[in-house]
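Take a look at the structure set out below.
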Amino acid sequence: MNPIRAKNHSFKKILFLLLLVPTIGYSQKTDIITLLNGDHITGELKGMRTGLLELSTDNMGTIFIEWDKIKEIQTDKYFQITLDDGRIYFGSIHISDKKGMVIVKGVTIDKELFLKHIVEITRIKETFWEILGGYIQLGISYNKGSDVAELNFSTDLTYNIRKRQFELIFNSIISSTSDSITSKNQNASFSFLRYLERKWFWSAPISVNQNTTLGLDLRANIGAAMGKDFIHTNDMLLSSQVGLVGNREWYINQTEPQNNLTLLLTNRFQYFIYEDPGIILDSYLIVYPYLTDLGRIRINYNFSMDWEIINDFYWNLSLNFSSDNQPQSQDENKVDYNINTGLKYSL
């Protein structure tokens, strides 16, 4: 099986040009990747995640190389290297005379690392343009028998710098008939995450939500949490968080808003299959036990499967589930769920 997957990123560059004006720079393609079969590939090392090393070349465009097929790496550029036990190192990557290892040359110290324990490589001191990642997804459906149309749109933008991550997420599911809009389920969030030692991290999320099926007109949230990556390998990620969230809720049939304090409990499991075609499975559970209204519990659960079609385009199938065992608006549902499909483009 060919360990190299080539991709043409011309569409991505055009899309970015339409969204914003980039900082233009030039990087020399002098990094050398040596495969287990002895082949040498020269290019610009962009990074490595989910078992795939990204390399920009002059002749083949951008290619992705399976991590377990790599023997040696040589680059003078500066990277953040994350190990499967949570340790993080910074430096350039060089060839070691020991089999299966590389040398990371930092500012004051050199460290030899086993390739098999490296789970992520992130470029340091690049432009905003090159560090920005995420996806855009769109889906549309219509049922003539019930005369119901549904539009779902979502985007997730991430920005990573030395041990820090900023993430902006927006999701919208709107159902309507020819007469009127029947339901809205929309979420927007911004979060800051700081990586600590031994797979620990802390986060500060801010979000707003709307779900008319559950009688919720608007909910504003702000919180803080501690979390840990219990499993972080090239094909799997399992993490959990515990924290506190304060919110203010406005319900459709109520005139006065409510202030609440809740616990925040999350569990996320991701599984990556990087054989061609690539598949990403993502399961994310969030539970909010209320401290100011004991006995009330809200649950959000999202499951998605991304099946790569071609050149960073994915077919997406997702399930979104929300529940509130004590809805504050009279005669509203306790449970809401949606099953959606659409196309996703990975930035």
Degrees separating the helix 10-19 axis from the principal Cα axis of the chain, which is the longest one: 50 degrees
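Counting heavy atoms of the protein chains only and a 1.4 Å probe, report the per residue accessible area for the stretch 170-273 as a whole number of Å².
50 Å²
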Contour minus Cα-Cα distance for TRP200 and ILE273 (0.36 nm per residue): 23.8 nm
Global form of the stretch 63-114, assessed from the alpha-carbon gyration tensor, a/c cut-off 1.5: rounded
With at most 16 other Cβ atoms within 10 Å, longest stretch of the chain clear of loop GluC sites (Glu not before Pro) (DSSP): 1-196
Accessible-area composition of the chain, carbon plus sulfur, in percent [1.4 Å probe]: 58 percent
Computed [θ] at 222 nm, helices only, for the chain once each DSSP H run of length n ≥ 4 contributes -39500 (n - 2.57): -1000 deg cm²/dmol
Residue-wise HN-Hα coupling along the stretch 299-313, computed from phi with Karplus coefficients 6.51, -1.76, 1.60 (Hz; x: Gly, Pro): 10, 10, 9, 10, 10, 9, 10, 10, 10, 5, 8, 6, 6, 6, 9
Long-range tail of P(r) for the chain (Cα pairs > 36 Å, %): 28 percent
In sequence order, calculated HN-Hα J values of the stretch 154-161 (Karplus, 6.51, -1.76, 1.60; Hz; x Gly/Pro): 8, 8, 9, 10, 10, 9, 10, 9
Total charge dipole magnitude, the chain, about the Cα centre, Cβ charges on Lys, Arg, Asp, Glu only, Debye to nearest 20: 880 debye
Full-stretch length increase - ALA220, SER178 - with 0.36 nm per residue and alpha-carbon distance subtracted: 12.0 nm
Summed residue charge, Cβ within 9 Å of ILE280's Cβ, Lys/Arg positive, Asp/Glu negative: -3
For the stretch 243-248, Karplus couplings with θ = phi - 60° (6.51, -1.76, 1.60), whole Hz, Gly/Pro x: x, 10, 9, x, 9, 10
Options ILE93, SER240, GLY223, ranked by Cα towards positive dipole end of the chain, top entry (Cβ charges): ILE93
Sites VAL148 and ASP97, calculated FRET efficiency, Cβ-Cβ separation with R0 56 Å, nearest 0.05: 0.30
Net dipole in debye of the stretch 243-347 [+1 Lys, Arg Cβ; -1 Asp, Glu Cβ; about Cα centre; nearest 20]: 320 debye
Difference of contour (0.36 nm per residue) and Cα-Cα distance, ILE299 to GLN326: 8.6 nm
Placed amide H near LEU347: partners under 5 Å, 5+ positions off or other chain: GLY134, TYR135, ILE136
Subset of LYS199/LYS344; LYS111/LYS163; LYS105/LYS163; LYS111/LYS228; LYS111/LYS199 violating a 21 Å alpha-carbon distance limit: LYS199/LYS344; LYS111/LYS228
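The values are calculated or read from the model by the stated rules, or taken from the named source; none is laboratory data. It should be emphasised that the depicted structure is a prediction, and the values quoted were computed from it without experimental measurement. Heads up, the Cβs are rebuilt from the backbone with ideal geometry, glycines too, and the neighbour counts pull from every protein chain shown. Calculation scope for accessible area: heavy atoms of the full protein, side chains included, ligands and nucleic acids excluded. Shrake-Rupley method; radii C 1.70, N 1.55, O 1.52, S 1.80 Å.
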